[in-house]
Amino acid sequence: MLIDTHCHLDASEFDADRDQVWREAQAQGVRALVIPAVMQSTFQPVMDWCAQHPHTGFALGWHPLFVDQAADDALQQMQDTVAAVLAGPQAGQLLAIGEIGLDFYVTRDNEVKQVALFEGQLQIAKQFGLPVILHVRAAVDSVLKYLRKHRLDSGIAHAFNGSLQQATIFTELGFKLGFGGAMTWPRALKIRKLAAELPVEALVLETDAPDIPPVWVGHHGRNTPGQLKRIAEEMALIRGLEISQLIEITGKNSMQVLPKLAYLCT
Ligand SMILES: [Zn+2]
């Protein structure tokens with residue numbers, strides 16, 4: 001099952017042709033797609049679009065790069081929203097809490113606020129029994145520390161770019177690692193090595209569209225979920241697997257950490 005576990009289809013880059021982009025992805029064999037929201041103001045538009053489109057699901061969360069826009073009661077608002085969604089008709093489409101995490105690459109000046117929102121959201125995930133979709137940049141060890149502290153045991157570390165040792169700790173905690181366009185660039189040796197050497201049970205596929213375009217789209221091109229098939233082919237090549245095997249295994253892996261995907265795929 002070809003599943004895009006991380007796609008920002010709600011981004012303004014898709015305002016002109018969002019439905020068309022999704023139709024094209026489905027025509028390329030993408031069976032299900034996960035949209036991780038990045039802040040409270042995007043929750044409703046994301047949910048509204050998913051309500052109209054079978055085989056799509058969403059995650060709700062505050063992305064670490066947007067925490068400066070979070071109001072003092074952001075966690076309370078989020079908790080109320082999650083509770084309401086889980087009690088409503090879209091409960092089956094709320095797959096995870098995300099995109100949450102820590103990003104010390106862009107800035108560490110707001111570390112206290114990043115950590116407070118991250119920990120609060122981990123607690124919300126724990127409270128509602130939801131997995132998490134993680135953004136981790138220049139902060140792998142810190143993220144691991146808080147996952148352990150709050151005993152989170154299921155989710156995806158998206159666009160993973162840490163060491164093999166750190167990747168192993170994530171998998172031992174019950175997490176999968178997301179690979180996408182970055183892996184297709186010949187000079188991305190570290191990511192390609194990870195994609196080759198990690199146990200295949202650890203891998204899930206993603207595009208992160210419109211960001212992280214694959215090499216054939218180019219640095220300034222718009223990435224789309226329709227690129228997932230070629231990304232899967234690239235990973236199959238790196239792993240020495242048949243493409244059908246790779247798609248089956250990564251699909252299973254995705255459903256293992258985001259269990260509601262099983263319903264979206266039928
Ligand atoms: Zn993302």
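Here is how the numbers come out for the structure above:
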item	result
Flag for residue 32 being farther than 29 Å from residue 220 by Cα and more than 16 Å from the ligand (Cβ to nearest atom)	no
Filtered residue count, the range 2-38, keeping only those that are on the phi < 0 side of the Ramachandran plot, surrounded by fewer than 24 Cβ atoms within 10 Å (Cβ to Cβ) and more than 13 Å from the chain's Cα centre (by Cα)	19
Residue tally, condition among the hydrophobic types (A, V, I, L, M, F, W, C) and at positive phi, over the range 151-176	1
Lone qualifier among 82, 67 - being of a type in the set (A, V, I, L, M) and away from the ligand (no atom under 16 Å from the Cβ)	82
Single unsatisfied condition, residue 103 versus (1) within 13 Å of the ligand (Cβ to nearest atom); (2) more than 19 Å from residue 177 (Cα to Cα); (3) touching a Lys or Arg at 6+ places or on another chain (Cβ under 7 Å)	(2)
Any hit, the range 8-20, residues being of a type in the set (A, V, I, L, M), without any contact (Cβ under 8 Å) to a residue 12 or more places away in the chain, more than 16 Å from the ligand (Cβ to nearest atom) and out of contact with any strand residue (DSSP E or B) (no Cβ under 8 Å at 6 or more places or on another chain)	yes
Contacts under 9 angstrom Cβ, first residue in the range 62-73 being more than 13 Å from residue 104 (Cα to Cα), partner aromatic (Phe, Trp, Tyr) and part of a helix (DSSP H, G or I), 6 or more apart	62/118
Only one of 160, 128, 179, 175 that is within 21 Å of residue 261 (Cβ to Cβ) and modelled with pLDDT under 95	160
Residue in the range 44-60 that is crowded, with 18+ Cβ neighbours inside 10 Å, out of contact with any strand residue (DSSP E or B) (no Cβ under 9 Å at 6 or more places or on another chain) and not small (Gly, Ala, Ser) present	no
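Conditions (1) more than 19 Å from residue 28 (Cα to Cα); (2) buried (at least 23 other Cβ atoms within 10 Å of the Cβ), marked per residue:
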position: 202; (1), (2): yes, no
position: 207; (1), (2): no, yes
position: 213; (1), (2): no, yes
position: 225; (1), (2): no, yes
position: 229; (1), (2): no, no
position: 237; (1), (2): no, no
position: 240; (1), (2): yes, no
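So that you can scan it fast, the table gives a plain yes or no per residue for (1) within 17 Å of the chain's Cα centre (by Cα); (2) part of a helix (DSSP H, G or I); (3) within 24 Å of residue 168 (Cα to Cα); (4) not polar (S, T, N, Q):
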site: 209; (1), (2), (3), (4): yes, no, no, yes
site: 234; (1), (2), (3), (4): no, yes, yes, yes
site: 241; (1), (2), (3), (4): no, no, yes, yes
site: 245; (1), (2), (3), (4): no, yes, yes, no
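The values are calculated or read from the model by the stated rules, or taken from the named source; none is laboratory data. Just so it is clear, the model here is predicted, and its values are computed rather than measured. No Cβ is skipped: glycine too gets one built from the backbone with ideal geometry, and neighbour counts run over all protein chains shown.
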